[in-house]
Structure formats: structure tokens, C-alpha cells
């Protein structure tokens, strides 16, 4: 490590346009990155992580401007450099890996042609050289069949493979600096591991510096040498990874660390008959069978977590229970009596029993209706409340989800933050006075601190109303926090089910074992240990 | 006064008026609407102002017009000035009064027609998107079949069959236009019915009417309002062309389209009187489109 840093940002200010005014996004951040070093940038959404990452390339998004400070990359002042000089740097000496590889690749060109684009543009390789180099890097990224995978189109490879191909592409010109912007956030835990390991190896092998942007602490603990924490455009603290994990100084950092400590009290074993019982359900979309003989029970006051990677049939199970997808075989029992398979044939009383909370609160709330109506409607429909009684009920519900009734009752969903929208989703479900609430990935689109708030709220409400939850998630940390019973699904079938204690104690089914071991831990050596353990034949 | 100078003066004064109008509007309205009024572009303010003036004239026509609509009050083709500020027409009726009554007839009929087309077309379109399946197929194929017939010929055919009263005129043009509205509202609604909040409402057991009225319509309103403005202008042109063919608004009634045709001979004498009704149509068309553009812009801005 030399004394002159590769990248040094001093007192950087970035502003974004809001109507006619400019609002500060980054407020005087310093950043120093030495050669071969990986810096982790952590913060909630809106903290300015991505903006800072892009600024390291001397770039500001449309509607943003760099208004103060200096950005020096290897002796070049990026704020004063001409656009042409910056274009020479980008792709060749500084590269960027975006969150969604699927959206960042051009779907009309083969992977290897897109790989060759930057080397050809910068005149560092011929096409043939670039292609043979691509195969080498694909191999290093542990992509299957490296000699041929480059000749596929982006839609012909999986999400995890695409993310690795993108990292390989970023390495094409052997840049000095790579910026990773949440490269694994959109991936399943099992896929995430492979991508993380590949990224870490390749960065070490070529001694590349990297800025690794994420909101997942456990991930950054594996990747970074140093961690910098941002909050609303300002630095909270910065330290090397082990120090930061062992002894965070600031209160905000500690609160980030504490999120995963939430765990609800162990519930006594279920004694009564289940509210909802799914029995031998097989379901299909057209001719493709997506659920095979699913059976499990949901009891009052308990949470059943349904776990699995995307495409494992978790959400489809919810659709069968709610009646959106009538099953091909099997039935759903409510209090021991079979429910009509199609929701249109169910009575209001039956519909009321089972409510749903959605993953994307943005699309789950009608953007043109005020909260008063969104929350009030189920109460009006099912409980026949009107006028003053209805308004009181809505206010009580807003109180329950910890939003100030007077301030929120007349707002539109667009005037709320992501976490508040999700709370409104919860209030709408509660308004029907249900016995079962299906939560479909309700926390996966939220930041960790906000997630924790939602989980605590759900737990509190469950205690108050003896609600049953069916909690669909791919995040095992969430399962550990709130589940009583766990159902593990893979390829549309149940792999294993039992109480939480049974699931988290060995012996596990092989797939459960894989899922459990793939959840990143805060220990910086976790990834190395895991990879070593998986490679050694036992 | 030469024409360029007149045009420049007209533009400047209309923008000045629009500015004053916008300032007044943002003062007079309650807080929420006042913000919208303050942020609207001058073109939109101008459009709203012109539409307001037209509405005023149309509603208070009998009070504003110096003479009756159909009364012959002087000799033919009198020049501007005196008791008849804009002269008289081919039969000696007062031009200004007929222009004012024309606002009532032409704008009124066009508005009624467009409104009817929208109520029917939008309701059916959203309903088809919501229900899908055979209902959607039957309605859509029927509309496709109607749209395959050239609209002017189709309306001529219907008017010949049913006669040419004002009521049949409205119904026929509305029926033809409703097919276009059906298409656009169906495609807008198709994008909305797949949202989670519609699924949530369906699972709640909501009826079709509630879904259309409360969940879909508010979200489909912006593109529909924009389409409304455009359709409104098209209906004008349709009525004018039908009047020209003798199947539109019947002669003694004042109608801007037929007023242009009736007095067209004056052009040969260098008199611009026949252009006044044409100008009235043009000004309203421009004004409506200014407002529509603004609505479209707002709608796209809110989507983000």
C-alpha cells in the first residue's frame, strides 16, 4: 500500500433538483481508498450511497450536480477533467457493477460481445483477444461452461450467473477501481454466496480496489477491509471491518447492529384445532404443475414461516389459500370446513377471515385513494361501520400501527415512506378483523431498521389479537426472529416442516442445510470458513 | 393595422391576460387547488381562460346577443359597424348574435356528444378489462367491427336511417366516438387491473361498480381527460363536416361550421367575416389542447 491513495474525495457536496430548488444529497463526505483495498459503504436507502459511488467516477445522475469538494483519482481531478478525459477513465480504469444485471445488460446482444465493447472502445485489445480473455475471466468467476456461456443472450442465463458475467465484464480492462452497487441484493441467499465468493476472489487476484455498496451488514463484513457508514448524506463513522464489528462507536451504528437481535418469545405448542389447514394441495398454471401435494396447518396466535428461494411455490401457496388460484387437487379447510376453491364463490364472512399483506406496498395501495378510504373500506364493508364510528375505527387502526391519526388520515400513499406504506398495508388487513394474515415477503423491500420495526409491530398485533400469520420469506434471519413453525419449500414441494426449534437444530434435510448455511453472518471469516467447509469432503 | 403587428399584439396581450388570470386563480382557490394553479404553465392558464369565456358566452347567450338568433334584422351582407358590429349575413341576420348563439349550439352539442361517448366508452372499456374472458372478447370484437367502417360514412348512414334531429346527431356521433374511447380506456385499465391493490379489493369481495368507480377510474383519469380534450375537438370537426353535407345542425340554428360555408362568398370581396366562426373554432381547439397537454404532463410526472 503506497502513501498516495488511489481515490481521494474531499468535502464532497452533491445536490439534487426538487422542482426549482436544489436539495443536498451528499453533505461534505470525505473518502480515501488505497490500492488493493475494498471499502464497504453502508446506509439505508436514501442515505446517498449510490450517489457517492457514482461520484467516484466523476459522474452525477440526471437532475443531480456536484456542487462542492474535490474528487481526485490517481492524481486526476475528476471535477475539472473534461468529459472526454473522464470517458477514457470509465470502463478502462474505473468500472461499475449495477444492482440489477438483468436490467443493465442489453438483451439484444450476446454476453461476450458486450464484454468486448469496453476493451475495443479503449483500444486495449483486439476482438479475438477480448474474447479469449473473456473466457478466462468467466472461468475465474466460476461460471459453468466458460468457453460457451459468453455466446448466450442475457435472458438465457440465470440471475446469479448474469451478475458474475457483469463482474467479469467490469474486469475486462483490468481497472484500478470497481464500484459494486448492491450486486447481490436481488439474489437468493444460495446464489448470493457464489457471487460473493467469485467477486471476492477476483478482486483479490488482480489487486483491484473496490467500493462495495450495500445495506446488508453481514455481506459487507465478508467483502470489505474498511467500512464507512452513511446517514442522510453524512458520514456516521468509518473504521476497519473488524474494529467496526467488534466495537461500533456511534449510536446509529449500534442500532444497525442490533436489528438482527429481535426475536419473539417462544409460543407454547399449539393445542387447539388449526384455523386454516392446507390439505394435499396440487396446483398448476396451465399445464405446468407448480405445487405438489402441499399440506400444513396454521394455528391461532402462531406464525408459520414458508421459506424457499424464488420459484419454489411460496406465493402460489398463498394464492391457493386466498382462492385466486383454485387447486387442481386437495382443499383448504377453514375451521375444519372446506373453503370454496374460487374466491368468488366464498362468502363475505369467509373472505374476511383471511387477509393479505403484499411485498410491494407501492403497488398494493391505490395511489389515488386517501388513507382514510384505504383503511376504512374493509371496516365499512365487513363490519358495517359508517360515519363517526368508521372514522373512529380508522383512527384507532392508525394508532395501532403507530402513525399519528390526525397527521396521516387524509394523506395519499405517495406522501408516505416505504415503511409507512407497509404499515398501512397492515392496517388495511387488520381493519377486516381477520384471524389469518398472509404476509408475502412484507419486509424484503425494506431497510433493516425499518424491517425490524415492521416485525415488532406484527408481533405486537399478534399478541393483542391472537392472529395467525403465514409468513412467506426467503430471509432466514426473519424466520429466526418471528416464526413458530417453519415450512421449507423447493420446486413446489415441501422439503421439511416442523417447529422452529426442530428446524434450526440438526439434523436438517440437505436443502434446509444449504439454506441455513448460506445466510451471511456478521463474522468476517464466515465466508472463508464456509467455503472451506463446503470444499472439504466430509 | 398590419397583420404581423396585430398578431404580435394579440399574442402579448393573451399571455398577459393568462398571467393575470393565473395569479387571480391561485388567490381565489382553496389551498390544494391553489398550488396546482400556481404551478401551471401560462399556456394552460390561457386555455382555461378561453374555455371559461366560451362557457360564459354559451350560457348567457340570450343576455349578451343584441338580436335574436334567427331574426332577419337588416339587408344582406351589411358591412361592420353601426347597429351590427360584425355586419349581417346572407339573409340579413346579425352576425355577432349568430356567433354568440353558435357558441351555445356548437359547443353545447359537441360537449354533450363527447361526454356521452366517454361515459359509455370508458365504462364498457374498463368493465371489459376488469372482467376479461368472453365479455372482453365479445365487446372488443364488436368495437373492432364498428371501427372498421370509416366513421364519416358510418355516421352518414346512421343519420340517414334515423333522421337528423339534434338528439340523433348527438347519439350517432357519440356512438361512433365511444368505440375509440372504449379502446383507450380498455388498454389503460388493463395496466391497472394487474396491480396488487385491485387484487386486494377483489379478495375483499368488492363488486364491479366499486372497482371501476373507486379503484380503477381515479388512476385512469389523467389519460382519459387528455383524450377527452382531443375527442372534443374532433367532434367539432365532425359536426362541421356533417353540417356542410346538410346532415348536421339544421339551417335556421346558428352553427359555426355552417356559418363559414354560408358566408364564404364574402372572402372574394376581401372581407374576413366568414373567418370569424372558423377562428372561434380554432381558438377553442387550441385552448382545449393547451389544457390537455398540461394534464398529460401532470399525469406523466406523477407516475415517475
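Only one of these conditions is not met by residue B:216: (1) modelled with pLDDT under 85; (2) within 14 Å of chain A (Cβ to nearest Cβ). Which number is it?
(1)
Would you check which residues across segment B:178-205 are away from every other protein chain (no Cβ under 14 Å) and surrounded by fewer than 21 Cβ atoms within 10 Å (Cβ to Cβ) and list them?
B:180, B:183, B:184, B:187, B:190
Which ones in segment A:237-251 are over 16 Å from residue A:223 (Cβ atoms) and assigned to a strand (DSSP E or B)?
Once the filter is applied, which keeps residues that are over 16 Å from residue A:223 (Cβ atoms) and assigned to a strand (DSSP E or B), segment A:237-251 yields only A:237.
Of all strands (runs of 3 or more DSSP E) completely enclosed by segment A:4-81, which ones contain at least 1 residues that are surrounded by fewer than 16 Cβ atoms within 10 Å (Cβ to Cβ)?
Qualifying strands (runs of 3 or more DSSP E): A:7-18, A:21-33, A:64-73.
Only one of these is assigned to a helix (DSSP H, G or I), modelled with pLDDT under 90, more than 14 Å from chain A (Cβ to nearest Cβ) and closer than 15 Å to residue B:117 by Cβ: B:237, B:224. Name it.
Criteria check complete, one pass: B:237.
Can you name the residue in segment A:382-394 that is surrounded by fewer than 17 Cβ atoms within 10 Å (Cβ to Cβ) and in a helix (DSSP H, G or I) and, of all such residues, is nearest to the other protein chains (Cβ to nearest Cβ)?
So the residue we want is A:383.
Which members of segment A:82-124 meet the condition of being part of a loop (DSSP other than H, G, I, E, B) and either under 27 Å from the mean Cα position of the chain (by Cα) or within 23 Å of residue A:213 (Cα to Cα) (or both)?
Those that are part of a loop (DSSP other than H, G, I, E, B) and either under 27 Å from the mean Cα position of the chain (by Cα) or within 23 Å of residue A:213 (Cα to Cα) (or both): A:91, A:92, A:93, A:98, A:99, A:100, A:105, A:106, A:107.
Take residue B:166 and tell me if it is surrounded by fewer than 16 Cβ atoms within 10 Å (Cβ to Cβ), touching a residue at least 12 places away in the same chain (Cβ under 8 Å) and in contact with a helix residue (DSSP H, G or I) (Cβ under 7 Å, 6 or more places away or on another chain).
Yes; evaluated as a whole, the condition is true for this residue.
Read through the list (1) modelled with pLDDT of 80 or more; (2) closer than 30 Å to residue A:301 by Cα, then give the number of the only condition that residue A:209 fails.
It fails just one condition, (2).
Of (1) within 13 Å of chain B (Cβ to nearest Cβ); (2) part of a loop (DSSP other than H, G, I, E, B), residue A:379 satisfies all except one. Which?
Answer for residue A:379: the failing condition is (2).
Condition check: farther than 21 Å from residue B:101 by Cα and surrounded by 12 or more Cβ atoms within 10 Å (Cβ to Cβ). Does residue B:41 satisfy that?
yes
Conditions first: (1) within 12 Å of chain B (Cβ to nearest Cβ); (2) more than 26 Å from the chain's Cα centre (by Cα); (3) on the phi < 0 side of the Ramachandran plot. Residue A:323 passes all but one, so which condition is the exception?
Looking at each condition in turn, residue A:323 falls short on (3).
Are there any helices (runs of 4 or more DSSP H) wholly within segment B:78-190 with 3 or more residues that are more than 30 Å from residue B:66 (Cβ to Cβ), and if so which?
Of the helices (runs of 4 or more DSSP H) lying wholly inside segment B:78-190, those with at least 3 residues that are more than 30 Å from residue B:66 (Cβ to Cβ) span B:108-131, B:133-148, B:151-162.
Residues A:501, A:477, A:483: which one is more than 24 Å from residue A:403 (Cβ to Cβ), out of contact with any helix residue (DSSP H, G or I) (no Cβ under 6 Å at 6 or more places or on another chain) and either surrounded by fewer than 20 Cβ atoms within 10 Å (Cβ to Cβ) or touching a residue at least 60 places away in the same chain (Cβ under 8 Å) (or both)?
A:501
How many residues does segment A:342-366 contain that are more than 7 Å from every other protein chain (Cβ to nearest Cβ), assigned to a loop (DSSP other than H, G, I, E, B) and surrounded by fewer than 20 Cβ atoms within 10 Å (Cβ to Cβ)?
Residues in segment A:342-366 being more than 7 Å from every other protein chain (Cβ to nearest Cβ), assigned to a loop (DSSP other than H, G, I, E, B) and surrounded by fewer than 20 Cβ atoms within 10 Å (Cβ to Cβ): 2 in total.
Would you point out which residue out of B:65, B:34 is touching a residue at least 12 places away in the same chain (Cβ under 8 Å) and touching a helix residue (DSSP H, G or I) at 6+ places or on another chain (Cβ under 6 Å)?
On inspection, the qualifying residue turns out to be B:65.
Kindly establish whether residue A:315 is more than 17 Å from residue B:204 (Cα to Cα), touching a residue at least 40 places away in the same chain (Cβ under 8 Å) and within 14 Å of another protein chain (Cβ to nearest Cβ).
In short, yes.
Check whether at least one residue in segment A:45-62 is modelled with pLDDT under 85, outside the structural domain of residue A:211 (by TED's automatic domain parsing) and in contact with a helix residue (DSSP H, G or I) (Cβ under 6 Å, 6 or more places away or on another chain), and report yes or no.
Within segment A:45-62 (the criterion being modelled with pLDDT under 85, outside the structural domain of residue A:211 (by TED's automatic domain parsing) and in contact with a helix residue (DSSP H, G or I) (Cβ under 6 Å, 6 or more places away or on another chain)), the answer is yes, since at least one residue qualifies.
Mind listing just one residue for me: the one in segment B:1-33 that is part of a loop (DSSP other than H, G, I, E, B) and loosely packed, with under 12 Cβ neighbours inside 10 Å and, of those, modelled with the highest pLDDT?
Restricting to residues being part of a loop (DSSP other than H, G, I, E, B) and loosely packed, with under 12 Cβ neighbours inside 10 Å, the top hit is B:30.
The values are calculated or read from the model by the stated rules, or taken from the named source; none is laboratory data. Values in this document were obtained by computation on a predicted structure and should not be read as measured data. When we count neighbours, we look across all protein chains shown, and the Cβ atoms used for this are built from the backbone with ideal geometry, even at glycine.
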